[in-house]
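A.B. asks: Sharing a structure below in structure tokens format, with a few things to ask.
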Amino acid sequence: MQTPSSVLRNRYDGLTILLHWLTALAVIFLFASAHIWEVLDHGTPLRKGLQSVHISVGILLAAIITGRLLWRLFTVSTGRSKQQPVAMPALMKAAAHLTHLALYLLLITQIILGFLFRWSQAEPFYFFGLFPIPDVFNFDSIMTRTFGSLHNNVAWALIIIAGVHALAALFHHYVLRDGILRRMLPGSQGRP
């Protein structure tokens, strides 16, 4: 008799799928909002409001990524994340693993840079207006430009790698037809 942790899965569990798509939506919103407010006049309520929501979604993304990493550690350590093997060349498998690693590293780096950038501005910031995020560092204002530039560069790297990740998933789905994308689609069986 097989235990639940020894069964190979055909798709990811519901929480993994939810966290994946929440991450994707947050990253898209954060990238788009940062570029939208750049065309808005400085000091306007719309620009300030968009920046405030951007910061709050960034804080939410930090919680989502923390949850993803903890859930991944749990599912890997208990064997719950084992998937049915998919026939794939070793080079393609290695590229997939490197892409996932790069995405996680970029997400973590981007979150840290976002906090450092905001703290360097020496202004209070809030999570959806509910509570302030305490300033744990006292940076010289010259660091603001450095953190802002790094935050922008990592955002572009993240969007490019995430775009490659999405294109690879579509390639697997429409060209290779190997079921990789269905593993991460919501629904009871993952839509074909």
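The values are calculated or read from the model by the stated rules, or taken from the named source; none is laboratory data. Nothing here was measured: the structure is a model prediction, and the numbers come from that model. FYI the Cβ positions are ideal-geometry reconstructions off the backbone, even for glycines, and counts take in every protein chain you see. Surface accessibility is based on the protein's heavy atoms, side chains included, excluding ligands, DNA and RNA. Shrake-Rupley method; radii C 1.70, N 1.55, O 1.52, S 1.80 Å.
A.B. asks: Which residues, taken from the range 59-106, are β-branched (V, I, T) and either over 17 Å from L8 (Cβ atoms) or touching a residue at least 40 places away in the same chain (Cβ under 8 Å) (or both)? Before the answer, list the steps.
C.D. replies: Residues of the range 59-106 β-branched (V, I, T): 59, 64-66, 75-76, 78, 86, 99.
Of everything in the range 59-106, those that are β-branched (V, I, T) and either over 17 Å from L8 (Cβ atoms) or touching a residue at least 40 places away in the same chain (Cβ under 8 Å) (or both) turn out to be I59, I64, I65, T66, T75, T78, V86, T99.
A.B. asks: Among the residues of the range 28-42, are any crowded, with 17+ Cβ neighbours inside 10 Å, in contact (Cβ under 8 Å) with a residue 24 or more places away in the chain, not charged (D, E, K, R) and not in a helix (DSSP H, G or I)?
C.D. replies: no
A.B. asks: In this structure, does V76 turn out to be open to solvent by 60 Å² or more (accessible area, probe 1.4 Å) and not in a helix (DSSP H, G or I)? Walk me through it before giving the result.
C.D. replies: Details: open to solvent by 60 Å² or more (accessible area, probe 1.4 Å): yes; not in a helix (DSSP H, G or I): no.
Criteria not met by V76.
A.B. asks: May I ask you to list the residues in the range 30-83 that are among the aromatic types (F, W, Y) and over 27 Å from L130 (Cα atoms)? Reasoning before the result, please.
C.D. replies: First, pick out the residues of the range 30-83 that are among the aromatic types (F, W, Y): 31, 37, 71, 74.
Hit for the range 30-83 is F74, nothing else.
A.B. asks: While we're on this one: Tally up the residues in the range 148-173 that are open to solvent by less than 80 Å² (accessible area, probe 1.4 Å), within 15 Å of M184 (Cα to Cα) and not aliphatic (A, V, I, L, M), please.
C.D. replies: Residues in the range 148-173 being open to solvent by less than 80 Å² (accessible area, probe 1.4 Å), within 15 Å of M184 (Cα to Cα) and not aliphatic (A, V, I, L, M): 3 in total.
A.B. asks: Being more than 20 Å from the chain's Cα centre (by Cα), in a helix (DSSP H, G or I), of a type in the set (G, A, S) and surrounded by fewer than 12 Cβ atoms within 10 Å (Cβ to Cβ) is true for just one of A94, A87. Which residue is that? Explain how you work it out, then say what you get.
C.D. replies: Numbers: A87 fails: in a helix (DSSP H, G or I).
A94 is the lone residue from the list that is more than 20 Å from the chain's Cα centre (by Cα), in a helix (DSSP H, G or I), of a type in the set (G, A, S) and surrounded by fewer than 12 Cβ atoms within 10 Å (Cβ to Cβ).
A.B. asks: Being within 20 Å of the chain's Cα centre (by Cα) and modelled with pLDDT of 90 or more narrows it down to one residue among L158, L176; which is it? Before the answer, list the steps.
C.D. replies: Numbers: L176 fails: within 20 Å of the chain's Cα centre (by Cα).
Selected residue: L158, the only one of L158, L176 that is within 20 Å of the chain's Cα centre (by Cα) and modelled with pLDDT of 90 or more.
A.B. asks: Would you point out which residue out of F125, F115, F131 is modelled with pLDDT under 95 and in contact with a Ser or Thr (Cβ under 9 Å, 6 or more places away or on another chain)? Reasoning before the result, please.
C.D. replies: Values: F115 fails: in contact with a Ser or Thr (Cβ under 9 Å, 6 or more places away or on another chain); F131 fails: in contact with a Ser or Thr (Cβ under 9 Å, 6 or more places away or on another chain).
So the residue among F125, F115, F131 that is modelled with pLDDT under 95 and in contact with a Ser or Thr (Cβ under 9 Å, 6 or more places away or on another chain) is F125.
A.B. asks: Using the structure shown, decide if S56 is in a helix (DSSP H, G or I), open to solvent by 40 Å² or more (accessible area, probe 1.4 Å), closer than 23 Å to L158 by Cα and in contact (Cβ under 8 Å) with a residue 40 or more places away in the chain. Walk me through it before giving the result.
C.D. replies: Working: in a helix (DSSP H, G or I): yes; open to solvent by 40 Å² or more (accessible area, probe 1.4 Å): no; closer than 23 Å to L158 by Cα: yes; in contact (Cβ under 8 Å) with a residue 40 or more places away in the chain: yes.
Taking the combined requirement at face value, the residue does not satisfy it.
A.B. asks: Within the bounds of the range 119-129, is there any residue that is part of a helix (DSSP H, G or I) and buried (at least 16 other Cβ atoms within 10 Å of the Cβ)? Before the answer, list the steps.
C.D. replies: Filtering the range 119-129 down to residues part of a helix (DSSP H, G or I) leaves 119-120.
From what is left, the residues that are buried (at least 16 other Cβ atoms within 10 Å of the Cβ) are 119-120.
Among the residues of the range 119-129, at least one is part of a helix (DSSP H, G or I) and buried (at least 16 other Cβ atoms within 10 Å of the Cβ), which makes the answer yes.
A.B. asks: Any idea which of (1) farther than 26 Å from G148 by Cα; (2) open to solvent by 40 Å² or more (accessible area, probe 1.4 Å); (3) touching a Phe, Trp or Tyr at 6+ places or on another chain (Cβ under 8 Å) is the one L19 doesn't satisfy?
C.D. replies: (2)
A.B. asks: Taking the conditions exactly as written (of a type in the set (D, E) and within 26 Å of I28 (Cβ to Cβ)), does D140 satisfy them or not?
C.D. replies: Numbers: of a type in the set (D, E): yes; within 26 Å of I28 (Cβ to Cβ): no.
So D140 does not fit the description; no.
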